[in-house]
Each structure stands twice: as C-alpha cells, then as structure tokens.
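Data block below; observations after.
The values are calculated or read from the model by the stated rules, or taken from the named source; none is laboratory data. This is a predicted model, so every value here is computed, not measured. Every residue, glycine as well, gets a Cβ built from its backbone with ideal geometry; the counts of neighbours run over all protein chains shown.
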Amino acid sequence: MFLPPWTSMMTSTHRYLCENEKDDVKEEPSSTTTTITLTTDTTTSIGFQFKYFNSKRIDPLLLQSSSFIKAIHLVEDLIINPNLNVYYSHVIIPELRFVNIFDKQQSLQYSHRIKSFLCELVQDLQFNVVNLPDSYSHFIGDYSFESTGKDDIIQYDKTIINGIISLEASNKTTSSTIAKQIFFIFAKTLHEIAHACIFRSGRLMMSTRRQLNKKHECFNTPATHALSAEAGNAIERFLFGSVIGTLGKKFADLYIIKQLLLREQKPNGIIDASWLTRFVNSNLTNLNDFPLIIYVTLTDKKLRATKSSPKTLEEHTSNDDSKDTNNEEDEDEDEDEHDDDDDDDDEPILVAID
C-alpha cells in the first residue's frame, strides 16, 4: 500500500477511494545524487531532496503529493541518462537547429551539454497549480529580451492535482493507481520542459547575436526560435510513441485519472497497469533507451468514455475507417444506456467519503 508520509497535512474535504488491483509494489531506493553542483539549495522542509529542481519554486500543493515528488525524481534520472536526455537535443543545441531529421547517434555527442542545460533550466523554473479547464498542463514563458528565465512557469491543472492527492490519502488506493498518476505527471512535466528549453535556447541565441552586433538577425521573441510549434508533443512521441491522454471522471474540484491513454496509437490504447508499476519503480539512469510501452486496445465502451472525458477532446481518439459519421453519432446518443456498465473490472471504483 502506497501512502504518503504527510497525509495528515491534507485539507481537502473531497476524498475518493479506489478499490482495485492488489499488486502492491515496494519502491526501489533512489539513485545516487549526481556530482553536478547547483547554486540553489534543493533540500525541502519535509525530508526529501531534489537533485536539480528547486523546491522553493514549487507550489506547496505539489509538494504534498508523493506522486509529484516521485515523478520529479524520474525526470531527474532521465536528465542524468545521456541515452534519454538526448531527445531534447534539437531544442537545446544550436548546431542541430538546421538538422531536419533526428539522429540519435549524432545527437549523443552533445549529451553532456544537454545535461548541463537541463540542470540549469529546471532549477530556475517555477511550478504552479492553476485552473486549466481544457488542458492538463501549460507553459508560460517570459518573452522579454532581458529575461533570466526565472519567470518561466510550468502550470498543472488544479483538479488533476486535487484528484491525485485525494487518492494518495486513501488507505484503499492501490500501487497500480499511484503508478498511473506518477507516470502522467512525469510525461506532462517532460512535455512542458521542452517548451521551456525553446525559450531558454532562444534567449541564449539572441544574446549571442547581440554581442556580435547583429541585432538585425534576431527574431522578435525567444518563442520564434522553436524547432516546431509543439516541441512538447514531439518529446512525448520520441519517448512514448504517442502523446499521453487520460480516461477519467470529474467530481466537483477533483479529476480522477482512471486510465492513461496512448492518443495517437491506431486504434487507441490504454497503458498496461503492470507495465506502469514496473516503470515507475525502475532506475532510468542506466537504460539504453526508453522501454517499449505495453498497451491494451480500447474497447468500444472505453472509446465512448474517451469522447466524454472532461480532459480528452473527441479529436484525440481514432475510429475505424469503416464506421461512418452517422453511426458514431448514434453511439454517442445511446451512451446513457451503457452508463451503468461504464466501469470495467480493471478500472478503479470510486466511492465518496463524508
């Protein structure tokens, strides 16, 4: 059973239980701290330590979540591993700006620079919790030419964080449910870090050009130095083979993640629970590449749930080409007939506590 040691700090009055898979898994010891010296003190007041992230720049609500803390540790392990941090090469290394196709072997020669860049980047970032009705997470960058990057912000949706903390506080939440939450935060943090890389790279490039007295060659803002408009999605595709979505339910100010969705698989798939549990308890520092995700193809019932999920837009799901539009509309109209059987056996059952 996975319980955060600081559950007594919880103030939320909305708590939901999850009764499902009984495969509790013990977490492996955290990896050895890297020798890179940081300029900020990353020790927190509740007994854990980040290698690179600065806890003083993280919203206290996030620090109440054991899933968030574990996800950040996984991000730090990825930063250490040259075989994994290399996927950020095109949004970090100026020499690769004009290379159209990612070549891992070519990019590996820059792995030390990528690691140093990411270490400096994440300790300057702010991490906040806000209401994001249509998004899981969001990056806000400081567009000013003189920016140091300390005003760049990664935001997480408040209803998702509330839901995650509520499940952590329950004594019936399983390790597989916690694993889903950890992986989700891990994926979306990597996504937003890619956007932050673009801003930081842009500032460095503009600074260099101005020092060379070539102001006419500068773009208007750091954002226009992007390799692509959606670097975050590109990172998810590189690592996971697809952008990650969710199947979930909304309860007042809570969003409960029930399944993790590979949105761009055809047909769509949900990530296998046992794979998630193994992954979040693995050591990412010594992997040669990101492990292939095991997933289960969505059933028609879960596909309908995907369309109605508060955090998943209909355009994110794939349908068989043989189905015509009218049939899809008919399925949506008849969806209420299946509501009583909406929860499959492998999905958590949600029970409210007074």
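Can you tell me which residue among 284, 276 is at pLDDT 95 or above, buried (at least 17 other Cβ atoms within 10 Å of the Cβ) and more than 29 Å from residue 130 (Cα to Cα)?
So the residue among 284, 276 that is at pLDDT 95 or above, buried (at least 17 other Cβ atoms within 10 Å of the Cβ) and more than 29 Å from residue 130 (Cα to Cα) is 284.
If you take the residues of the stretch 151-172 that are charged (D, E, K, R) and touching a residue at least 40 places away in the same chain (Cβ under 8 Å), which of them is farthest from residue 185 (Cα to Cα)?
172
Identify, by number, the condition in (1) part of a strand (DSSP E or B); (2) farther than 16 Å from residue 174 by Cβ; (3) touching a residue at least 60 places away in the same chain (Cβ under 8 Å) that residue 256 doesn't meet.
(2)
Test residue 228 against the criterion of being modelled with pLDDT under 95, under 20 Å from the mean Cα position of the chain (by Cα) and surrounded by fewer than 14 Cβ atoms within 10 Å (Cβ to Cβ), and give yes or no.
When the stated conditions are applied, residue 228 passes them.
Would it be correct to say that residue 51 is touching a residue at least 24 places away in the same chain (Cβ under 8 Å), outside any helix (DSSP H, G or I) and surrounded by 21 or more Cβ atoms within 10 Å (Cβ to Cβ)? Full working, then the answer.
Numbers: touching a residue at least 24 places away in the same chain (Cβ under 8 Å): yes; outside any helix (DSSP H, G or I): yes; surrounded by 21 or more Cβ atoms within 10 Å (Cβ to Cβ): yes.
When the stated conditions are applied, residue 51 passes them.
Residues being among the β-branched types (Val, Ile, Thr) and assigned to a loop (DSSP other than H, G, I, E, B): count how many of those fall in the stretch 72-113. It would help to see each step written out before you state the result.
Going residue by residue through the stretch 72-113, those that are among the β-branched types (Val, Ile, Thr) are 72, 75, 79-80, 86, 91-93, 99, 101.
Narrowing the set further to residues that are assigned to a loop (DSSP other than H, G, I, E, B) leaves 92-93, 99, 101.
Residues meeting the conditions: 4.
May I ask you to list pairs of residues, at least six apart or on different chains, whose Cβ atoms are under 7 Å apart, with the first in the stretch 114-133 being closer than 25 Å to residue 94 by Cα and the second being basic (Lys, Arg) and in a loop (DSSP other than H, G, I, E, B)?
124/150
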